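Structure, as structure tokens:
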Amino acid sequence: MKGKMNKKGQEEMVGFALIVIVMAIVLLIFLSFVIKGKSKQEVESYEASSFIQSVLQYTTNCSKDYEMNYQTIQGVLFECIKGEACLDGRDSCEVLKKEIEGMLKSSWKVGNESPIKGYSFRIEFEGEEILSLSEGNETSNYKGSLQSFRKAGKPVEIRFKIFY
Amino acid sequence: MKTRNAHSGKKGQMKIQQTAFMLIALTLFFALVGIFILGFSLSGLKEKANLIEQEKAMILVSKLANSPEFSCAKTFNNKVNCIDLDKVMALKERIEKYEGFWEIGNIEIIKIYPKQEGVCTKENYPNCGKIILKKEDEGIYTSNFVVLCRKDFFMGVPYDKCELGKVMISYTKK
């Protein structure tokens, strides 16, 4: 009699355990479904790339050869690489730095309350640094863009990263 | 014997009750899980619809600058990602003819650098900071950087002046 009751108790425990296992599996499937849905986040870099493109076409007040021949940022960058000054005597590399810094500060508000935690802007000619500007902190999440072109057959690279 | 039968009948009833409760609990549990999954997948659909709207707006905002109504074209040496501000000001005057053309709520162009204040009108252009081309409703904005070019004058002689700006369009959340 006692053995029969024990067996029945064991059977009930097995049944209970089975129900718990089934519930756990269902919960796991449900959770994996939820987590999978939430991890779908795409990183868009088009803003970074359009920023570089637009910056390069900006008209500065640095003219070359004659008064009204105002150079674009790309033109000033080439002057900087050549080591030439603006018509009014200003250093072209200084003009380049000042203008790009102004554009970066106006376009990307960095801060703890802002979604943007930092940025880095770097120009290289033949692997050598021409300009490097950064603000805020570098995090593992970033949107970035690389623009490369050639000046006298030598590579110029512009790298821009925005950290989130 | 009778008491034993009654006792075993009561036990059987208890067992049936236990099974019934368990079945009800299990059914309730699966129904709840089902409702959760259904609700989640439905909210996912809504999210997807919003994502499509957002993507549409992003594509439009990145292509708007290169469309004939906005692009710099030959006037500014076929620059890419460039908006001819003089052209946009002319377009602003006859925007009602473009009713339903872009299928979006708002189109705004903002000067970012150098920063300038005020909404552009025929009177204050180009000394202003924002061109409101179309404003119908409040929606979610998406933007893209562009270069804003116009003809400027130095001692009466024209030259190309390009500044940094943003084109902003809005879409409505579903």
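The values are calculated or read from the model by the stated rules, or taken from the named source; none is laboratory data. None of these values were measured; they are calculated from a predicted model. Counting neighbours? That spans all protein chains shown, and the Cβs are built from the backbone with ideal geometry, glycine included.
Kindly evaluate B:Phe101 against the criterion of being over 31 Å from the mean Cα position of the chain (by Cα) and more than 30 Å from A:Gln74 (Cβ to Cβ).
no
Quick one: how many residues across region B:20-45 are hydroxyl-bearing (Ser, Thr, Tyr) and more than 10 Å from chain A (Cβ to nearest Cβ)?
Count: 1.
Among the listed residues A:Leu87, A:Leu104, which satisfies the condition of being among the aliphatic types (A, V, I, L, M), part of a loop (DSSP other than H, G, I, E, B) and within 14 Å of chain B (Cβ to nearest Cβ)?
Every option except A:Leu87 fails the conditions.
Take the residues in region B:139-174 that are facing another protein chain (nearest Cβ under 7 Å), within 17 Å of B:Asp86 (Cα to Cα) and modelled with pLDDT of 90 or more, then tell me which one is surrounded by the fewest Cβ atoms within 10 Å (Cβ to Cβ).
Across region B:139-174, the extreme among qualifying residues is B:Tyr159.
For a quick check of your reading: which strands (runs of 3 or more DSSP E) sit entirely within region B:65-138 and have at least 2 residues that are more than 13 Å from chain A (Cβ to nearest Cβ) and closer than 15 Å to B:Ile169 by Cβ?
Output list reads B:107-113, B:130-134.
Yes/no matrix, rows are residues, columns are (1) within 14 Å of another protein chain (Cβ to nearest Cβ); (2) of a type outside the set (Phe, Trp, Tyr):
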| residue | (1), (2) |
| --- | --- |
| A:Gln53 | yes, yes |
| A:Cys62 | yes, yes |
| A:Ile73 | yes, yes |
| A:Phe78 | no, no |
| A:Trp108 | yes, no |
| A:Ser120 | no, yes |
| A:Glu129 | no, yes |
| A:Glu138 | no, yes |
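Give A:Ser54, A:Ser148, A:Ser49, A:Ser134 a once-over and let me know the one that is outside any loop (DSSP other than H, G, I, E, B) and in contact with an Asp or Glu (Cβ under 7 Å, 6 or more places away or on another chain).
A:Ser148
Considering only residues that are of a type in the set (Lys, Arg) and surrounded by 11 or more Cβ atoms within 10 Å (Cβ to Cβ), look in region A:140-153 and name the one that is nearest to A:Gly75 (Cα to Cα).
By that ranking, first place goes to A:Lys151.
Being within 27 Å of A:Ser45 (Cβ to Cβ), out of contact with any Cys (no Cβ under 6 Å at 6 or more places or on another chain) and among the hydroxyl-bearing types (Ser, Thr, Tyr): is that true of B:Ser143 here?
For B:Ser143, the condition - within 27 Å of A:Ser45 (Cβ to Cβ), out of contact with any Cys (no Cβ under 6 Å at 6 or more places or on another chain) and among the hydroxyl-bearing types (Ser, Thr, Tyr) - is met.
Would you confirm, using the coordinates I've provided, whether B:Asn106 is more than 15 Å from B:Lys151 (Cα to Cα) and touching a Phe, Trp or Tyr at 6+ places or on another chain (Cβ under 8 Å)?
Yes: the conditions hold for B:Asn106.
Please specify each residue of region B:104-121 satisfying the condition of being of a type outside the set (A, V, I, L, M) and either exposed (fewer than 12 other Cβ atoms within 10 Å of the Cβ) or more than 20 Å from the chain's Cα centre (by Cα) (or both).
Result: B:Lys111, B:Tyr113, B:Pro114, B:Lys115, B:Gln116, B:Glu117, B:Gly118, B:Cys120, B:Thr121.
Taking B:Ser43 and the conditions (1) touching a helix residue (DSSP H, G or I) at 6+ places or on another chain (Cβ under 8 Å); (2) without any contact (Cβ under 8 Å) to a residue 60 or more places away in the chain; (3) of a type in the set (Ser, Thr, Tyr), which numbered condition does it fall short on, given that it satisfies the others?
(1)
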